[in-house]
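A quick write-up on the structure given underneath.
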Amino acid sequence: MPEKQELPDVLVSSGVITPDQKDKAARVAATSKCTFGEAAVKLGFATDETIAIAISKQLGVPYASRENKILKVEKGQNLERIISESYARDHSVLPLFLDEGVLAVAMTNPDDMMLLDNLKLLTSGLEIQSFVATRAQILKAIDEFYTGGGAQMIEKSLASATAGDDVQEVETSSETRVDLDQMVRGAEGAQIVSLVNAILKQGISERASDIHIESYDERVMLRFRIDGVLYERMAPLKKDFNAVISRIKILSKLDIAERRLPQDGTFSIKVQNRNIDLRVSICPTVFGEKVVMRVLDKGAVELNIDKIGFEPRQKEDFLVGANRPHGLLFLTGPTGSGKTTTLYSVLNTIKTPELNFMTIEDPVEIKMAGLNQVQVRATIGLTFAAALRSFLRQDPDVILVGEVRDQETAQTCLRAALTGHLVLSTLHTNDALSAVVRLIDLGIEPFLLSSSLCCVAAQRLVRRLCPHCKKAFLPDTKDVEMCIRESLLDPAPDPAKITFYEARGCDKCARTGYSGRTAIYEVYLIVPEMREIIYKYGGDLARLRDAAQRAGMWTLRASGWRKVISGQTSLEEILGVTLEDE
C-alpha cells in the first residue's frame, strides 16, 4: 500500500503552490501555530477550496461542495436530531445522509481522529463516512438546514437586546382592540422574534446594505443587497409574513394597524459590539406590505479620504475646493452612490476646533463629534431651507446641506456662499457638470453661480474584484484600445503591459467574484476659464467639458478605466456603470 502523501506535497504536485511557497507556508504554520492549509490561505498561495480539494486527494475522501451538489442534506431523515445545531457549528460538521448504519458527515479535516471518535459516540455507534468541505460552505449549509427556511428559526442573541424588544404600548379604539391584540401577540411570539432576529443577523453578517422582505400571491421573498446587487435568500413562510411585518413595525415604533399608507421608521441593534442603525420603509402593495430596511453600520464606515477611491489628482482638486473660505461645492450621483460617505470623509479631513461646522440632513446617517448635525423634520416646518436660514445666525464657517431639492434651498445655499460661508451639498444629476445646468434651472443667475461655485464632482460605486480569486486574462485588442483612449492617461500606457482581471468566485466572496465596493469620481475644480463660460454661456456643457479637459481633469469613464488597469475592478463592471464619453 503506497505511503500517504503529506498535504504540502499534494499541493506542490497538483501545481497549486511552488516549492518556495511550500517552505514559506511551513514556516508561517510553525510560528503561527496554525495548519499548513491555513497558512497557505493566509499568505494568498491557495484558497480554501483548493486546500479542501487537496485534502480530498491526500486522504482519498470525497470532496463536497454546493457546486457539485454533494454538500446537500438529505431531507426527512431527522438528521438534526442526530447532530445538534450547536455541535455542528462548534465543530464545523454537517450531516449529509444516513444509509444502513453509515452517517455521511462533511467536515473540514477528515483526518481528525478525535472528532471522528466523538461523532461515533454522539451518534450512538453509527459508522462515520467523511466528506471534506470548506468551513465557509459548511457554515452556510448549516444556516440553511437547521433554520428550515424560516419556519424553525432558533432564537439567537444579537449580543445585546434589540432596541424596542420590549412590547410597545399601542393606542387603539374599541372597534379594533381585539384584532390589534392578536397582531401584537403574533409579533411578540418567540418564533417570530427569533425569525426577525435571524434575518437581521444574517443580513448584517453578509454585509447587506438593504434587506427586502416582500409578499407575492403564493410566497414570500427575502433579498439582501450586497455590493449593490440583490441576492435572494431563504425566506419566511407565507403564514408568518404578517407577523414578521408587525414585529418590524413594533421595533420601529410604527402603527401596526395601518396597512394602507407608507410608513417610515428607525431602530437600532447591537451586534458583536457594533452599533447598527436600521432605517425602515414600509410600502403597501397589491399582495401586502413590502419592507425595505437600510442597514447603517457605523463600524463599517471608514471616513478616510485616502481609502474611498479618489485618484491623487482628484483628491487634491477636491480638497482645494473644500479648503476655500467660502463658495459652493456640489457632489452629484444617484441615491446609494456613497455621496454622504465622501462628504463626511472630506469633513473629517478639514475638521478643526477653529471652525464651526453645521449640517442639515434627511436623515442624519453618520454621527460625528465636532459637527452640529440637524435632522430635517418637514412635518413641523424644519426643512432644508428653514434650517439654512437659522444656520446663518449660528456663526457657521462650513455648512453641509444633505441635498438641494428645490429653488428655495438652492438660493439659500447661494446666499450663504456669497456671505462668506463654505457650503457643501449634493444634487441628483447624471454627471458633475450637469450640476451647473440644474442650478441654473433652479433659478440661480449664471453671473452669481460663476462667482460662487468652486468645485463640482460626481461619483459612482463599482464592485471590487475579490483579491483571493480574481484571474488575469488577455483582453481583446479593441478593449485595450478603448481603455487607452478613454482613460486619458498621459503618457498613454503600453498596450503590452496592460493586464485585465475577471471575476471568478470563491468561498471568501460567496462565489460572486467581488468583495466590497470602491468609488470612481470625476472632479472639476472651477478654473477661471470655466467661470467665464458659466458667466457668458450659462450651462454650455460642451464648452465646460473642453475647458475641464484642457485643465487636465477627466470623466467618470476615465476614472473607471484607471481602476481596471490597476486591477481593482473588472471591464464588465465599468462598462455597466459608466457611459461612453461624448
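The values are calculated or read from the model by the stated rules, or taken from the named source; none is laboratory data. Treat the numbers as computed from the prediction; the structure is a model and nothing was measured. Cβ placement follows ideal geometry from the backbone for every residue including glycine, while neighbour counts extend to all protein chains displayed. Each accessible area value is taken on the protein alone, full model and side chains, heavy atoms only, with ligands, DNA and RNA left out. Shrake-Rupley method; radii C 1.70, N 1.55, O 1.52, S 1.80 Å.
Residues that are open to solvent by 70 Å² or more (accessible area, probe 1.4 Å) and touching a residue at least 40 places away in the same chain (Cβ under 8 Å): does region 262-269 have at least one? Break it down into steps so the answer makes sense when it comes.
Applying the first criterion (open to solvent by 70 Å² or more (accessible area, probe 1.4 Å)) to region 262-269 yields 262, 264, 266.
Checking the rest, the ones that are also touching a residue at least 40 places away in the same chain (Cβ under 8 Å) come to 266.
Within region 262-269, one or more residues are open to solvent by 70 Å² or more (accessible area, probe 1.4 Å) and touching a residue at least 40 places away in the same chain (Cβ under 8 Å).
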message = Given the criteria open to solvent by 60 Å² or more (accessible area, probe 1.4 Å), of a type outside the set (S, T, N, Q) and in contact with an Asp or Glu (Cβ under 9 Å, 6 or more places away or on another chain), does residue 579 qualify?
response = yes
query = How about region 287-322: which of its residues are modelled with pLDDT of 90 or more and either hydroxyl-bearing (Ser, Thr, Tyr) or more than 18 Å from residue 521 (Cβ to Cβ) (or both)?
reply = 289, 290, 291, 292, 293, 294, 295
remark   = Going through (1) open to solvent by less than 10 Å² (accessible area, probe 1.4 Å); (2) assigned to a loop (DSSP other than H, G, I, E, B) one by one, residue 105 fails only at (2)
request  = Hey, could you check region 197-211 for residues that are of a type in the set (S, T, N, Q) and outside any loop (DSSP other than H, G, I, E, B) and say which is nearest to the chain's Cα centre (by Cα)?
outcome  = 205
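Based on what the data block shows, is residue 128 open to solvent by 30 Å² or more (accessible area, probe 1.4 Å), without any contact (Cβ under 8 Å) to a residue 60 or more places away in the chain and touching a Ser or Thr at 6+ places or on another chain (Cβ under 6 Å)?
Considered against the rule, which asks whether it is open to solvent by 30 Å² or more (accessible area, probe 1.4 Å), without any contact (Cβ under 8 Å) to a residue 60 or more places away in the chain and touching a Ser or Thr at 6+ places or on another chain (Cβ under 6 Å), residue 128 comes out as no.
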ask   = Which numbered condition trips up residue 398, out of (1) β-branched (Val, Ile, Thr); (2) out of contact with any strand residue (DSSP E or B) (no Cβ under 7 Å at 6 or more places or on another chain); (3) open to solvent by less than 50 Å² (accessible area, probe 1.4 Å)?
value = (2)
key: Residue tally, condition in a helix (DSSP H, G or I) and either out of contact with any Ser or Thr (no Cβ under 6 Å at 6 or more places or on another chain) or more than 25 Å from residue 437 (Cβ to Cβ) (or both), over region 315-346   = 15
Which listed residue is within 30 Å of residue 509 (Cα to Cα) and polar (S, T, N, Q), from 209, 252 = 209
key: Unique match (being among the aliphatic types (A, V, I, L, M), within 30 Å of residue 207 (Cβ to Cβ) and at pLDDT below 85) among 472, 503, 510, 496   = 510
inquiry  = Out of everything in region 174-224 that is closer than 24 Å to residue 465 by Cβ and open to solvent by less than 70 Å² (accessible area, probe 1.4 Å), what residue ends up being modelled with the lowest pLDDT?
reply    = 206
Filtered residue count, region 316-340, keeping only those that are open to solvent by less than 60 Å² (accessible area, probe 1.4 Å) and among the basic types (Lys, Arg) = 1
key: Subset of region 489-503 that is assigned to a loop (DSSP other than H, G, I, E, B) and open to solvent by 70 Å² or more (accessible area, probe 1.4 Å) - its residue that is nearest to residue 233 (Cα to Cα)   = 494
query = Can you spot a residue in region 423-437 that is farther than 19 Å from residue 544 by Cβ and of a type in the set (A, V, I, L, M, F, W, C)?
reply = yes
message = touching a His at 6+ places or on another chain (Cβ under 9 Å), farther than 25 Å from residue 466 by Cβ and not acidic (Asp, Glu): which single residue out of 59, 103, 98, 115 fits that description?
response = 115
ask   = How many residues are closer than 19 Å to residue 208 by Cβ and open to solvent by 20 Å² or more (accessible area, probe 1.4 Å) when one looks only at region 504-513?
value = 5
key: Every residue from region 242-261 that is among the basic types (Lys, Arg) and open to solvent by 10 Å² or more (accessible area, probe 1.4 Å)   = 253, 259, 260
query = How about region 404-434: which of its residues are without any contact (Cβ under 8 Å) to a residue 40 or more places away in the chain, within 30 Å of residue 560 (Cβ to Cβ) and open to solvent by less than 30 Å² (accessible area, probe 1.4 Å)?
reply = 410
inquiry  = Scan region 307-314 and tell me whether some residue there is open to solvent by 20 Å² or more (accessible area, probe 1.4 Å), over 16 Å from residue 432 (Cβ atoms) and over 15 Å from the mean Cα position of the chain (by Cα).
reply    = yes
note = Note on region 366-395: residues assigned to a loop (DSSP other than H, G, I, E, B) and open to solvent by less than 50 Å² (accessible area, probe 1.4 Å) are 366, 368, 376, 381
note = Selection from region 36-66 of residues in contact (Cβ under 8 Å) with a residue 40 or more places away in the chain, in a loop (DSSP other than H, G, I, E, B) and open to solvent by 60 Å² or more (accessible area, probe 1.4 Å) yields 66
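Given the structure, is residue 529 assigned to a helix (DSSP H, G or I), open to solvent by 10 Å² or more (accessible area, probe 1.4 Å) and farther than 21 Å from residue 472 by Cβ?
yes
Tally up the residues in region 463-481 that are assigned to a helix (DSSP H, G or I) and in contact (Cβ under 8 Å) with a residue 24 or more places away in the chain, please.
Number of matching residues: 1.
Residues 560, 567: which one is touching a strand residue (DSSP E or B) at 6+ places or on another chain (Cβ under 7 Å), buried (at least 23 other Cβ atoms within 10 Å of the Cβ) and within 30 Å of residue 472 (Cα to Cα)?
560
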remark   = The condition from (1) surrounded by fewer than 18 Cβ atoms within 10 Å (Cβ to Cβ); (2) over 22 Å from residue 537 (Cα atoms); (3) in contact (Cβ under 8 Å) with a residue 24 or more places away in the chain that residue 460 misses is numbered (1)
remark   = Filtering region 341-359 down to residues that are within 30 Å of residue 577 (Cβ to Cβ) and open to solvent by less than 50 Å² (accessible area, probe 1.4 Å) yields 341, 342, 343, 344, 345, 346, 347, 350, 359
message = So, residue 235, is that one aliphatic (A, V, I, L, M) and either more than 23 Å from the chain's Cα centre (by Cα) or over 11 Å from residue 213 (Cα atoms) (or both) or not?
response = no
ask   = Which residue pairs have Cβ atoms closer than 8 Å, lie 6 or more positions apart in sequence or on different chains, and pair a first residue in region 87-109 that is at positive phi with a second residue that is in a strand (DSSP E or B) and aliphatic (A, V, I, L, M)?
value = 92/107
